[in-house]
Amino acid sequence: MPRFLTTIALVMLLSVLVQGQVHAQKVDPKRAKTLTVEQATELLKQPNSLQLSVTDLSPEVAAVLANYKGDLYFDALTTLTLESAAALAQCEGRLGLPKLAELSPAAAKALAPHTGVLVLGLKELSDETAGALAKRVGDTRLDSLPSLTSLPLAERLGRQEVVWLGSVRRITPEITRALCPPAYLEAGKGFPRWIDIGLTELSPEAGAAIVASRHGFGMHSLESISPEAAAVMSGPPTNMRMWGLKTLSPATAVALAKGGGILDIRMFGPELTDETAEAIAKQMASGPHRMIDFNGLKKLTSPAFAVAVVSRYGGGPHSTLNGVAEITDDVAKALAESKGKLNGLPSLTSLTSAPLAAKYAAQPGDLKFAKLTTISDDVAAALATHKGKVDLSGLKSLSVPVARAFAAHEGDLVLDGLEEIGDEAAESLAKAIGPVSLKGLKKASPAARVALGANPKISLPPGEAGRELKPKK
């Protein structure tokens, strides 16, 4: 073989070998079940965080990964040896072991020097392992642990700014006090102290300890609270999240409403009993009260309560009532006659009160009633007086009087849910003085097409459908 051909063959062979070696080092961390030292070294180049699916972790690979400048998550690792634990303790970021089935006392002790947050998916803890975790430098997250009986570990968790015990269903008063030691809660002193715990029962002792030492808590597994437990939680500025709450007696509601902070029960619904609603309204009128998030309510039946909560205009996201779909006539009348501005009710499926529509129209800002499918002539006339944008994108039909009223509207009008329009309605709407969006319109006669297309402020569907609706030249 000529020398130049031999040289070319050798170069090609070397290229194949080098490429093979490069490909051998590249690995998908979310698929690989094992890693070599070389592959782990290559992964160190990835930014921010590493999510690994390895089911086996050697001490050598653990030592390499411990040098990673970000968070490490071992999403499939169920066991951890002492040697690998000691190596991982040197990592600086968060260390996630959510699938770990067990952790020996020795391995827990080896993890003690780790300064970042340790996320463990353990469902059982021996006293020895709990004791070792109690000596950790960094914080520990135990979201899957169903019970906590170790006092030393509870005391260590109590020193954390945030306590993660989302699966713990019951705790003793002693453990509660350990998790919630006395702390400075004045504004500006330290970071907000928060506890997320999965209690299904709340004793007065536990409630008192938590509100006395924490800026806030989340108890999303709690379905009810006794008036006695609620009473000890009155007063101190506290942010409470209880998204699993299903029952709320008048006495409990009044007690929880008293004080400062936020009571977030956004999943509670679909409605309050009138007795509880009126008790809350009375408490809100009597003095300082917590901001209560009622975004889970679907129906308002108590006029006093409706006025109290809908009048929290501009109070932030916890003051809104974005889920309310239905109000009674008495509620509509009370809201229309109330003083001051009202928060919107964007999920209303029916609005028959012209006075309430007029009150909303007199307010600044945009109006959104996108769930209304029909609208009466007098309500349309009232809404048309609004100076800003009106979103009625749920309307399915448009009468001539309604179209005539909307034509006089000065601001933007969104009617994107309207698929069909009659000739007379189109002729009236074509005189619109403000921008009108009809981007969902599918059916219109030639006459309607000409009338609507002649007004440059009317937006018709884009593409072919839009061209069909434009006037023919």
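Key figures
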{"read-out": "Segment 264-289: number of residues that are buried (at least 19 other Cβ atoms within 10 Å of the Cβ) and either within 14 Å of LEU245 (Cβ to Cβ) or β-branched (Val, Ile, Thr) (or both)", "value": "7"}
{"read-out": "Scan of segment 113-167 for residues that are of a type in the set (Gly, Ala, Ser), farther than 23 Å from ALA86 by Cα and part of a helix (DSSP H, G or I), ordered by number", "value": "ALA154, GLY158"}
{"read-out": "Per-region count, segment 156-182, residues farther than 22 Å from THR200 by Cα and of a type in the set (D, E, K, R)", "value": "3"}
{"read-out": "Residue within segment 122-141 that is surrounded by fewer than 21 Cβ atoms within 10 Å (Cβ to Cβ), in contact with a strand residue (DSSP E or B) (Cβ under 7 Å, 6 or more places away or on another chain) and closer than 20 Å to LEU245 by Cα present", "value": "no"}
{"read-out": "Qualifying residue in segment 183-196 (condition: in contact with a helix residue (DSSP H, G or I) (Cβ under 7 Å, 6 or more places away or on another chain) and at pLDDT 95 or above)", "value": "yes"}
{"read-out": "Helices (runs of 4 or more DSSP H) within segment 1-102 that include 3 or more residues on the phi < 0 side of the Ramachandran plot, more than 36 Å from the chain's Cα centre (by Cα) and at pLDDT below 95", "value": "3-25"}
{"read-out": "Hits in segment 231-263 (condition: among the basic types (Lys, Arg) and either surrounded by 17 or more Cβ atoms within 10 Å (Cβ to Cβ) or modelled with pLDDT under 95 (or both))", "value": "ARG241, LYS258"}
{"read-out": "Test: residue in segment 88-97 that is farther than 26 Å from ARG156 by Cα, free of Cβ contacts under 8 Å to residues at least 60 places away in the same chain and of a type in the set (S, T, N, Q)", "value": "no"}
{"read-out": "Meets criteria (more than 30 Å from ASN67 (Cα to Cα), at pLDDT below 95 and in contact with a strand residue (DSSP E or B) (Cβ under 8 Å, 6 or more places away or on another chain)) for PRO173", "value": "no"}
{"read-out": "Residues of segment 200-230 that turn out to be in contact with a helix residue (DSSP H, G or I) (Cβ under 7 Å, 6 or more places away or on another chain), crowded, with 20+ Cβ neighbours inside 10 Å and outside any helix (DSSP H, G or I), as a count", "value": "3"}
{"read-out": "Residues located in segment 281-307, provided they are in contact with a Ser or Thr (Cβ under 9 Å, 6 or more places away or on another chain) and in a helix (DSSP H, G or I)", "value": "ALA281, PRO303, PHE305, ALA306, VAL307"}
{"read-out": "Qualifying residue in segment 215-233 (condition: over 22 Å from ILE175 (Cβ atoms), more than 20 Å from the chain's Cα centre (by Cα) and not small (Gly, Ala, Ser))", "value": "yes"}
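The values are calculated or read from the model by the stated rules, or taken from the named source; none is laboratory data. The model shown is predicted, which means the values in this text are computed figures rather than measured ones. Don't worry about glycine lacking a Cβ; one is built from the backbone with ideal geometry, like all the others, and counts go over all protein chains shown.
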